[in-house]
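Comments concern the structure below.
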Amino acid sequence: MKQIKALFRPILLGLGALTLTSQVQAIGIDSTGILPGMEQAQPVPQTIEEQQSRTDWQTARYSKAPGQMRSEAGMELVEPFGSHLFNGGFSGVRADGLNTTYRLVPGDQVTLRVWGAVEIERILPVDAQGNIFIPGIGPVKVQGSTNGELNSKVTSAVKSVYPEGVQVYTNLQGVQPVAVFVTGYVEHPGRYAGTPTDSLLYFIDQAGGIDSRLGSYRNIIVKRNNEIIATADLYDFLLNGKMPTPQFRDGDTIVISERGPAVVVTGDVERDYRYELQPNQMTGSELLALARTKSDVSHVLLRGNRKNRPISVYLPVEELSQQALRSGDEVLFSSDQRDETIVVQLEGSFYGPSRYALPKDARLQELLDAIAVPQELTDTRSISLRRLSVAEQQKEALKDSLRRLETNYLSAPSSTPEEADIRIKEAELIGNFVARASEVEPNGRLVVSHDDQISNIRLQDGDIITLPEYRDSILVSGEVLVPQSMVYKQGLTVMDYIESSGGFSQHADDENILVVRMNGELRKAEDVTLKPGDEVLVLPLVPTKNLQLATSISQIVYQIAVATKVALDL
């Protein structure tokens, strides 16, 4: 045990020194406060006097910062807008054709029921001349009539022979199936079956969808007898829900044209897409109407080729509307406005709002001077701060420690069977410990008070400042039999409170006891005198005889205690 302690003490001292470096020393300032009468900070205007060119005009090559330029192959990999349409969502749903706008064609079947002065009940097919033949009435022309007009037309024909005492009911029982050719730039050109009222998307989806690299989503043609009967722009359907609904006939052809001029849109957009523009609408305003940019977009980078030379233009997004575009251009939207304000949050005991918008250079002492607190309740000497960047650093440091632990011990060779058995047990211990430690979420607590002084650090966006209330209790947790809170009594020691909690558990390391102050500061138990609000944290004993492994795990346990105020159970 003494050997473990001897190895563990320098590590604790090193980590303690590392922790103290995050405690910025207090400095005196002449603060008049920043909240009363504070005005909204205005963005600082900036002017770019000269844009340095990185284009080699001799070789027609131009480059930018590594990792930013998208190659031509990369641009081709950007999905075209609309490609998600054809994932099988239309191919499995066939229309029945029985809507009121359907126009009858030869081959359809009509159910007729007549009762009263005469009774007729027949299923009548529409013949090649477009008629249905009603016994006792004769042929009735129905081809070209809509389903909604069918009943009135048949009723008129029946009542021309039986003017009184006759009731007529008709129903379109079934429609003639059709076979439609789908060709052009689709994945699987061919002839596909459907009904006359199936949608254009149904037949295209049957053919596997539009070729995403070569096909057009904006120039789709429907032909009948070599004449165009309908055209479709799927962008109208995607953005406005509009699409032509031709009634297909057997032998009709759907032609997907070649893709027109296209522009790749990347950057601060909801999703990178390649947008196809109409040849007569190659302007930035048309692109802005299609692209779904994020709300804070302020600038745009336009790259392409003009007169056989590469160009790169960086301009405010409002000026893109007047820019002429060409096929192959890449437009990168950017949120390049510098926010001159930050938002910080208060928690704990105070008066007033819990969030404040401050200038970017605001400091902690300035804000605290402007916050009113209940003097008898707020412990102004134990103020602490939680910061996202600190939490991220703690998380990364913990990951690195766990990675080194696995690398150092799980890859070590064994020279004897006995040593191999020990390695297996150690590997199981390490695996369980790493799995549990990986789930720990650091709180990002930054110690800003020391010796009753508050460090006047610069605040950052997202900071959460804790103004705690006075407490009259001591919390004992970690490896004790009964973790609990107890009333603070002056003169009692750490061991007194541990004994009141049932003493150490069988897994406790009785030589590694920490005291966590209300301000987030972590101290060794033998170095401090308890104060109201302190937390006594008993660390676990590492269950291994490998001194080096025990030291490594103990170091990580201490690291977790610093980041979370939790003694991780081993």
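The values are calculated or read from the model by the stated rules, or taken from the named source; none is laboratory data. Remember, predicted model here, so these are calculated numbers, not experimental data. Cβ coordinates were reconstructed from backbone atoms using ideal geometry, including for glycine residues, and neighbour counts include every protein chain displayed.
Test of understanding: among E340, E347, E376, which residue is closer than 27 Å to V447 by Cα, under 34 Å from the mean Cα position of the chain (by Cα) and loosely packed, with under 13 Cβ neighbours inside 10 Å?
On the way: E340 fails: loosely packed, with under 13 Cβ neighbours inside 10 Å; E376 fails: under 34 Å from the mean Cα position of the chain (by Cα).
It is E347.
Could you say which residue among L315, L332 is more than 20 Å from R274 (Cα to Cα) and either assigned to a strand (DSSP E or B) or of a type in the set (F, W, Y) (or both)? Don't jump to the end; show me each part of the working.
Working: L332 fails: more than 20 Å from R274 (Cα to Cα).
Being more than 20 Å from R274 (Cα to Cα) and either assigned to a strand (DSSP E or B) or of a type in the set (F, W, Y) (or both) holds for just one of L315, L332, which is L315.
Yes or no: V373 at pLDDT 90 or above and either under 22 Å from D451 (Cα atoms) or outside the structural domain of N280 (by the TED database) (or both)?
yes
Among the residues of region 195-238 satisfying the criterion of being among the basic types (K, R) and touching a residue at least 40 places away in the same chain (Cβ under 8 Å), which is farthest from E79 (Cα to Cα)?
So in region 195-238, the residues among the basic types (K, R) come out as 213, 218, 223-224.
Subsequent filtering for residues that are touching a residue at least 40 places away in the same chain (Cβ under 8 Å) retains 213, 218.
On the way: R213: 8, R218: 15 Å.
Step by step, filter region 195-238, then rank; the result is R218.
Which ones in region 430-476 are of a type in the set (F, W, Y) and not in a helix (DSSP H, G or I)? Steps first, answer last, please.
Going residue by residue through region 430-476, those that are of a type in the set (F, W, Y) are 433, 470.
Result: Y470, single match.
Can you tell me which residue among S354, S349, S327 is hydroxyl-bearing (S, T, Y) and in the same structural domain as N305 (by the TED database)?
Working: S354 fails: in the same structural domain as N305 (by the TED database); S349 fails: in the same structural domain as N305 (by the TED database).
Matching residue, one of S354, S349, S327: S327.
Check region 191-201 and report whether any residue there is part of a helix (DSSP H, G or I) and buried (at least 16 other Cβ atoms within 10 Å of the Cβ).
Scanning region 191-201, I find at least one residue that is part of a helix (DSSP H, G or I) and buried (at least 16 other Cβ atoms within 10 Å of the Cβ), so the answer is yes.
Starting from region 271-300, take each residue that is over 18 Å from G215 (Cα atoms) and in contact (Cβ under 8 Å) with a residue 40 or more places away in the chain and list its partners that are aromatic (F, W, Y) and in a strand (DSSP E or B), counting only C-beta distances under 6 angstrom and pairs at least six apart or across chains.
Listed by first residue and then by second, the contacts come to L290/Y275; T293/F333.
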